[in-house]
1. Jot down the radius of gyration and Dmax of chain A, Cα atoms only, both in angstrom.
2. Using the 10 angstrom Cβ neighbour count as an exposure proxy, how do A:59, B:208, B:195 rank, fewest first?
3. Do any trypsin sites (Lys or Arg not before Pro) in the stretch B:165-268 lie in a DSSP loop with no more than 12 other beta carbon atoms within 10 Å, and if so, which?
4. In what sequence do B:173, B:263, A:47 fall when counting other Cβ within 10 Å, fewest first?
5. Calculate how steeply helix A:28-38 sits against the longest principal axis of the alpha-carbon atoms of chain A, using the helix alpha-carbon long axis, and give the answer as 0 to 90 degrees to the nearest 10.
6. Full-extension gain between residue A:33 and residue A:81, please, as 0.36 nm times their residue separation minus the C-alpha to C-alpha distance.
7. So how strong a dipole does the protein assembly as shown carry about its Cα centre when Lys and Arg Cβ are +1 and Asp and Glu Cβ are -1, to the nearest 20 debye?
8. Tell me which of B:11, B:45, B:246 sits at the most positive position along the dipole axis of the stretch B:11-262, charges placed on C-beta atoms (Lys, Arg +1; Asp, Glu -1).
Amino acid sequence: MQIIVHIPTPLQKLTKNKEEVKATGTNIRELLSDLEKRYPGIRSRICDEEGNIRKFINVYVNDEDIRFHQEEETPIQPGDKVSIIPSIAGGNHAT
Amino acid sequence: MQLNENQIERYSRQILLPNIGGKGQERLLNAKVLIIGAGGLGSPCALYLGAAGVGTIGIVDSDSVELNNLQRQILHSSSTIGESKVKSGQERIQSINPDVKVVPHQLRLTSDNIMELIKDYEIVVDGSDNFPTRYLVNDACIFSQKPLVHGGILRYDGQSFTILPGESACFRCLFPEPPPPGSVPSCQQAGILGVVAGIIGTIQANEVLKYILQTGELLKNRLLIFNALKASFRSVSIPHNSHCPVCGDKPEITSLIDYELFCNTRGN
C-alpha cells in the first residue's frame with residue numbers, strides 16, 4: 001500500500017529532487033526500509049547507527065509527531081501522509 | 001497615556017480594527033520587543049512592528065551590512081553598506097516611525113550576556129541563523145519566562161512557532177538536539193529566496209502583535225511550515241515533551257550551558 005512521503009529540502013538530492021515520493025509499509029520502520037530500497041542512502045540520513053531516528057529530525061504521520069505515539073512502530077495506512085522535517089537554522093548569520 | 005492627533009492619524013487604519021482600538025494602540029506603544037538578528041527574518045519583523053507603533057524595539061546583531069545581504073534584508077540599503085546592522089536598522093525604523101524607540105545592541109549573544117539583555121523586554125523574536133544561538137535563546141527564554149517567537153528558513157522553506165514558557169512546547173520539545181555541524185546546510189551554503197524570509201519574518205511580527213494585543217490565537221504547540229514553490233502552508237502538532245531537558249517535568253538543565261560545546265561548533 002502506498003503512502004505519500006514528504007521529503008525535506010536537504011534530502012531531496014537523494015530523491016532526484018522530488019519533494020514528494022511514494023513508499024510502502026504498515027509502520028514507519030517498514031516505510032523507512034522501503035524508502036532506502038528506492039533511494040539508497042536516505043535511511044542513514046534519517047536514522048543513526050543504531051537505527052533510531054536522529055534527534056534533529058522529526059517524522060510525522062499526518063500532523064502527529066511519532067515520538068509521542070509508537071515511534072518507529074507507529075502504524076500507517078493508505079491515505080496517510082508522512083512528513084520528514086529537520087531542524088533548520090536560517091535567518092541571520094551574525095548573531 | 002493618551003494618543004495625540006498625529007498618532008490617531010498615523011495608526012487610524014489599525015485603530016479601526018475591532019480587536020485593537022485606542023486601547024490596543026496604547027498597548028503597542030508601551031510594548032518592548034527584542035529582535036535577535038537584523039537579517040532576513042529580523043528585517044521584515046522589525047519594519048512591521050515599527051510601523052505598527054511598537055514603542056520599544058531592541059535589535060541584537062554584531063555584524064555590518066554587506067552587499068549580499070540586500071537581496072533579503074530589507075531593513076538595510078545600499079547607502080548603509082559597511083554600517084553596523086543595528087545602526088542601519090535603527091535609522092530605517094525611525095525614519096518610518098519616530099514614535100519608536102529603537103535600542104541597538106551591537107553584540108554577540110552569549111550565556112554571559114543574554115539573561116541581562118532579555119530581562120527588559122516582554123517578548124523575544126528569534127531571527128538568528130545558527131543552532132548554538134537558537135538553543136541559547138530558547139533556554140534563556142524558558143528560564144526567564146519570556147515568550148519567544150521562533151522562525152527558521154532555508155532555500156524555499158520556512159518554519160515558525162511561538163513558545164509560551166510553562167504553557168506550550170519549546171524548541172527543545174520540537175528538536176531535542178541540534179544536527180551535527182555540516183549535516184544541515186546554512187542559507188550561505190544552500191541559498192534562500194528573499195520572500196521566504198519576508199513571509200516568515202512577517203508571521204513572527206504577527207505573533208508579536210497578537211501577543212501584545214492579547215487577541216487571536218498564537219502559533220503555540222503547532223509548527224507552521226511554508227513552501228514557496230508550492231505556495232503551501234501546512235502545520236504539524238508540537239506536543240509539550242514531559243521529558244524535555246529544559247521545560248519537562250524533571251528538567252536536567254536548569255541554567256545556561258556552553259552552547260558551542262552542545263552544538264559541537266567550536267572552531268567551525
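Please treat every number below as a calculation from the coordinates, not as lab data. None of the values given here were measured: they were computed from a predicted structure. Because the Cβ atoms are built from the backbone with ideal geometry, glycine has one as well, and the counts that use them run over all protein chains shown.
1. 13.3, 47
2. Numbers: A:59 22, B:208 27, B:195 14.
Least crowded to most crowded, the residues run B:195, A:59, B:208.
3. Working: sites: B:172, B:210, B:220, B:222, B:230, B:234, B:266; in loops: B:230, B:266.
Sparse-neighbourhood loop trypsin sites (Lys or Arg not before Pro): B:230, B:266.
4. Working: B:173 25, B:263 22, A:47 18.
Lowest count first: A:47, B:263, B:173.
5. Its long axis makes an angle of about 80 degrees.
6. Working: separation 48, 0.36 × 48 = 17.28 nm, distance 1.67 nm.
Full extension of this stretch gives 15.6 nm more.
7. Working: 36 positive and 40 negative charges, 164 e Å.
About 780 debye.
8. B:11
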